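These notes concern the structure reproduced below.
The values are calculated or read from the model by the stated rules, or taken from the named source; none is laboratory data. Keep in mind the model is a prediction, meaning the values are calculated, not measured. Glycine also receives a Cβ, built like all others from the backbone with ideal geometry; neighbour counts cover every protein chain displayed. Side chains included, ligands, DNA and RNA excluded: accessible areas come from the protein's heavy atoms. Shrake-Rupley method; radii C 1.70, N 1.55, O 1.52, S 1.80 Å.
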Amino acid sequence: MRHGALLIQAQSELLRELHLLSDLEIGSLRVALGPYPSVISGYEAAGKVLALYPKLKVSLRVGCWKEVARLVLDREADIGVAELSLVSDDSRFVTELVGQHQGRFLCRPGHPLLGKGAVPMSALFDFPWINTRLPKRCTADFPREPTAAGSFDPRTGEFVPSTEFDTPIQLAKLISNTDAVTFSSLGLVEAELKAGLLVPIPGIALTGNYGFIYLQNRPLSPATLTYMKAIRCVEKAYCLREQRLEKKYQALLQVPDGNQQ
């Protein structure tokens, strides 16, 4: 009876711990984020999860899409949220598209490109770019020789802007005293647009595609599944905000038929 009581106690304790884990009261969540996903939905989703489960241990790491894939592959991250083109054909990973946003080139008020109607993509290469690296799917029509905007990395084939950053924040301050251009979804710079610190360059748009990246045949923890649900929720709200801003600034963004880049 003594041994039986100890076994029952141990079993009860184990069941309690499993119940706590499934309820996310204890445990951990390790996420690797690409630059734009981090500020669009990654941080906010983590905040939503922590508000519900404050005892959860959370690690958020930001890097380029290559770094995100490496962290997931090396099991240093439970899940990644980043550009999918690099890993979409890699059988080691499972991917799910969650973010598809219209990106706009932006500049300071009074920039030489403004006031001329729709701007062709080719004109942008005459000015420095302040941006993250761009994936190959976006750069097929870029000039192969170095320009003021940047150049291709011969080792990776990625387009490296003349000024490269890891996280798209403080964009207005970065370009305020220069003729440089930067790139962002309108939702990330809503306050700067309202204040007149940034102006969208008409005639040019690129689409961002990012999503979940995790290992094939590796079960996802309750914490990871909860985080994924939070990401989807934040992304849905962000898309509605983005649509509102596209409509609000339609006069600046609109281009004649046949001139869409």
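Identify, from the list Pro135, Pro161, the residue that is open to solvent by less than 50 Å² (accessible area, probe 1.4 Å), modelled with pLDDT under 85 and within 23 Å of Ala82 (Cα to Cα).
After applying the criteria, what remains is Pro135.
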Counted residues, region 166-181 - those being out of contact with any His (no Cβ under 9 Å at 6 or more places or on another chain) and open to solvent by 30 Å² or more (accessible area, probe 1.4 Å): 9
Inspect region 93-108 for any residue being over 22 Å from the mean Cα position of the chain (by Cα) and farther than 30 Å from Val58 by Cα and give the result as yes or no. yes
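What do you reckon, is Leu29 at pLDDT below 90, crowded, with 19+ Cβ neighbours inside 10 Å and of a type outside the set (Phe, Trp, Tyr)? First the steps, then the outcome.
Working: at pLDDT below 90: no; crowded, with 19+ Cβ neighbours inside 10 Å: yes; of a type outside the set (Phe, Trp, Tyr): yes.
Answer is no for this residue.
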Say whether the condition of being open to solvent by 20 Å² or more (accessible area, probe 1.4 Å), at pLDDT 90 or above and basic (Lys, Arg) is met by at least one residue in region 110-117. no
Just checking, how many residues over region 55-90 are aliphatic (A, V, I, L, M), open to solvent by 50 Å² or more (accessible area, probe 1.4 Å) and not in a strand (DSSP E or B)? 2
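Could you please let me know if Gln216 is touching a residue at least 40 places away in the same chain (Cβ under 8 Å), loosely packed, with under 14 Cβ neighbours inside 10 Å and not aromatic (Phe, Trp, Tyr)?
So Gln216 passes the test.
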When you scan region 140-157, do you find a residue that is under 20 Å from the mean Cα position of the chain (by Cα) and surrounded by 16 or more Cβ atoms within 10 Å (Cβ to Cβ), even just one? no
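Is at least one residue of region 112-132 more than 26 Å from Pro200 (Cα to Cα) and assigned to a loop (DSSP other than H, G, I, E, B)?
no
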If you go through region 91-100 one residue at a time, do you hit one that is more than 15 Å from Arg137 (Cβ to Cβ), open to solvent by 60 Å² or more (accessible area, probe 1.4 Å) and part of a loop (DSSP other than H, G, I, E, B)? yes
Restricting to region 181-214, count the residues that are closer than 20 Å to Ala149 by Cβ and hydrophobic (A, V, I, L, M, F, W, C). 9
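Okay, residues lined up against (1) closer than 27 Å to Ile231 by Cα; (2) hydrophobic (A, V, I, L, M, F, W, C):
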residue: Pro143; (1), (2): no, no
residue: Glu164; (1), (2): yes, no
residue: Leu174; (1), (2): no, yes
residue: Thr178; (1), (2): no, no
residue: Leu186; (1), (2): yes, yes
residue: Tyr210; (1), (2): yes, no
Name the residue, out of Leu7, Leu20, Leu24, that is at pLDDT below 70, more than 23 Å from the chain's Cα centre (by Cα) and exposed (fewer than 12 other Cβ atoms within 10 Å of the Cβ). Leu7
